[in-house]
Amino acid sequence: MSTHEARLKALREQLRADRLDGFVVPLTDEHMSEYVGSYAQRLAWLTGFQGSAGAAVVLPEDAAIFTDGRYTLQVRDQVDGAFWSYQSVPETSVADWLKAHAPDGGRIGYDPWLHTRDWVGKARAALADRGAELVAVARNPIDAVWAERPAPSPARLEPHPDALAGKSSAAKRQEMADWLKAEGAEAAVLSALDSIAWTFNVRGRDVEHTPVALSFALVHDDGTADLFVEPEKLGDDVRQHLGNGVRVHDRAAFEGHLRALAGQTVAADPERAVAAIFDALDAAGAKVIARRDPAVLPKAIKNAVEIAGHKAAQARDGAALARFLHWLSVEAPKGGVDELSAAAKLQSFREAAGDLRDTSFDTISGAGPNGAIVHYRVTEATNRPLEMDSLYLVDSGGQYPDGTTDVTRTVAIGTPSAEMRDRFTRVLKGNIAIDTALFPAGTRGTQLDSFARQYLWQAGLDYAHGTGHGVGSFLSVHEGPQRISPAGSSQAGGDEPLRPGMILSNEPGYYKTGAWGIRIENLVLVVEREVEGAEKKLLGFETLTFAPIDRALIEPGLLTPAERAWLDAYHARVLEIVGPLLDGEARAWLDAACAPLEAA
């Protein structure tokens, strides 16, 4: 019996002991995080799935795993189809599947610390049609059978200085206090880890790739706050940094503190606060008003200090990537380079650039057909060599105290085919269309998404992921509320108006299953644009990422004169920003890689 088959069997036995006919396993933690600590990797432990978004349902005879289009190939590689059926989101959902498959009159368990109140309502309604019941569990049954489950990280918090944050925690909390008064509330619950890190100007090491600390918080209408975190995670430096306006409690005291808010009006975010938080507030007799976490929007709109820091981080990161691309151009044709060694080499260049605290996600290092797996994660078992006349896709980023980066480049190893060049150029045209877009204030990301797809659509092609996500400031590489994504997609946020100061990715792609993948990703900043005669306030994008785009993959005849001019101007900026940070052979290579397209 395989490891994951045995784990599924053990969970079913535990469910029988708990008098449950099924259980729902989301990929999140009690903070509704996308990336979670090892202690919360229940879906991966149970199924083997290593993606960053998904869920599973286990019934006595059936089991299903739910992923979106980014993981269509990956989930089939990592999860055994003999025991799990593959379900595609948003074509179906956990609630829809339960409605069709749950036993009549059955008891389906869920952990109220891992689901939103909205999800609970939909799942409960779906089950009611079968006379089945949704049951909140006091103890997660996976934890009962996961014998070697890791403990939560004991890492200490670290101050994030005002010189990098651009605004003090006291000032941020006062703005929240003013907002609370305007909303007629006395307190707001903060449960999203990046919101807490941003509000209190602290960072942590509790989650890989995201500098946050496991904690909860309450912000009050007088500007004071209660922070719930394990006491041993706080040193004197952080206590002093937090100041007298922040009362510190043990993290385990959070639920009890909620139950003491009787009679108060409390704002809680239905998207980011789990059902258990609403349940505790309701039980306390608090008046709960559903409002978006007050840190979400100001965190997304970067101030001048954060923008300057991001640009400085991008320059160092761009130099590291340029050194890597030069190394790759020399070593890959010789043979002997594989996905793992390439990813390790890229990380070594980032470390040498200075002040790298972590990668911002697991590097996607995809050679040939692995590049067609959108969120591919290389392992010893899947590691492929970089072969001649193939494509290599590398999507990577760094966490620096002054900024978070995320960049993708696709490189030809040897001579690319005409099809590769055509597809790459169509993706490039989509990237340029987003980069150069002008749009009225109030425009949503859903309204821009097709700009990036239009040239693929003209050839009957597309890609199964959003075009852009928000990016934090030494925080989450995937940050809301803004996105550039199709209307109705499973990746929320596309309906948020884009505002000056927001940072987003611009990353159209194309993936030929079983052959190769293409993606070109830069980060961009929403800025105001002046156009003579304009009758509306106009916005556009300022490019933030500077690294060469492989000219060997460009079909010049498919580019308009304006697109060719954009590419040449972009490469001139790469030379201006990154060039001074390189020397020797790497600088000579960069000069050639950034030469005007006409010189190709």
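The values are calculated or read from the model by the stated rules, or taken from the named source; none is laboratory data. Here the structure is a predicted model, which is why all the values come from computation and not from measurement. Reconstructed Cβ throughout: ideal geometry from the backbone, glycine too, with neighbour counts over all protein chains shown. Areas reflect the complete protein model, heavy atoms only, side chains present, ligands, DNA and RNA absent. Shrake-Rupley method; radii C 1.70, N 1.55, O 1.52, S 1.80 Å.
Among the residues of segment 510-520, is any assigned to a loop (DSSP other than H, G, I, E, B), more than 20 Å from A372 (Cα to Cα) and modelled with pLDDT of 95 or more?
no
Could you give me the residue pairs with C-beta distances under 9 Å whose first residue belongs to segment 147-170 and is among the acidic types (D, E), whose second residue is assigned to a loop (DSSP other than H, G, I, E, B) wherever it lies, and which are 6+ apart or on separate chains?
That search, which allows pairs on different chains as well, returns E158/G204; E158/R205; E158/P211; E158/A213; E158/G235; D162/S168; D162/N201.
Only one of these conditions is not met by A313: (1) open to solvent by 10 Å² or more (accessible area, probe 1.4 Å); (2) touching a strand residue (DSSP E or B) at 6+ places or on another chain (Cβ under 9 Å). Which number is it?
Only one criterion is unmet by A313, namely (1).
Can you find a residue that is of a type in the set (A, V, I, L, M), more than 18 Å from the chain's Cα centre (by Cα) and under 21 Å from D111 (Cα atoms) anywhere in segment 79-89?
no
In segment 129-141, is there at least one residue being under 30 Å from T224 (Cβ atoms), modelled with pLDDT of 95 or more and either surrounded by fewer than 17 Cβ atoms within 10 Å (Cβ to Cβ) or under 28 Å from the mean Cα position of the chain (by Cα) (or both)?
no
Please state which of the following conditions L214 fails to meet, knowing it meets all the rest: (1) without any contact (Cβ under 8 Å) to a residue 40 or more places away in the chain; (2) buried (at least 18 other Cβ atoms within 10 Å of the Cβ).
So the condition that L214 fails would be (1).
Please pick out the residue among A55, A40, A102 that is in contact with a Leu (Cβ under 8 Å, 6 or more places away or on another chain), buried (at least 22 other Cβ atoms within 10 Å of the Cβ) and within 25 Å of P481 (Cα to Cα).
Just one listed residue meets the conditions, A55.
Return the residue satisfying two criteria in turn: it lies in segment 331-357 and is open to solvent by 40 Å² or more (accessible area, probe 1.4 Å), in contact with a strand residue (DSSP E or B) (Cβ under 8 Å, 6 or more places away or on another chain) and part of a helix (DSSP H, G or I), and of such residues it is farthest from A412 (Cα to Cα).
My answer is Q347.
Evaluate the following for H209: is it open to solvent by 10 Å² or more (accessible area, probe 1.4 Å) and closer than 24 Å to V36 by Cα?
Considered against the rule, which asks whether it is open to solvent by 10 Å² or more (accessible area, probe 1.4 Å) and closer than 24 Å to V36 by Cα, H209 comes out as yes.
How many residues does segment 408-450 contain that are polar (S, T, N, Q), in a helix (DSSP H, G or I), surrounded by fewer than 22 Cβ atoms within 10 Å (Cβ to Cβ) and in contact with a helix residue (DSSP H, G or I) (Cβ under 9 Å, 6 or more places away or on another chain)?
Of the residues in segment 408-450, 2 are polar (S, T, N, Q), in a helix (DSSP H, G or I), surrounded by fewer than 22 Cβ atoms within 10 Å (Cβ to Cβ) and in contact with a helix residue (DSSP H, G or I) (Cβ under 9 Å, 6 or more places away or on another chain).
Out of L391, L456, which single residue is more than 22 Å from L321 (Cβ to Cβ), open to solvent by less than 10 Å² (accessible area, probe 1.4 Å) and in contact (Cβ under 8 Å) with a residue 40 or more places away in the chain?
Criteria check complete, one pass: L456.
For segment 223-257, name all the residues that are assigned to a helix (DSSP H, G or I) and of a type in the set (G, A, S).
A252, A253, G256
Report yes if some residue within segment 75-86 is farther than 30 Å from E5 by Cβ and part of a loop (DSSP other than H, G, I, E, B); otherwise report no.
Checked segment 75-86: no residue is farther than 30 Å from E5 by Cβ and part of a loop (DSSP other than H, G, I, E, B).
Is it the case that segment 489-503 has a residue that's in contact with a Lys or Arg (Cβ under 9 Å, 6 or more places away or on another chain), farther than 25 Å from T199 by Cβ, in a helix (DSSP H, G or I) and open to solvent by less than 20 Å² (accessible area, probe 1.4 Å)?
no
Can you find even one residue in segment 12-27 that is of a type in the set (D, E) and part of a helix (DSSP H, G or I)?
Checked against the condition, which is being of a type in the set (D, E) and part of a helix (DSSP H, G or I), segment 12-27 yields at least one hit.
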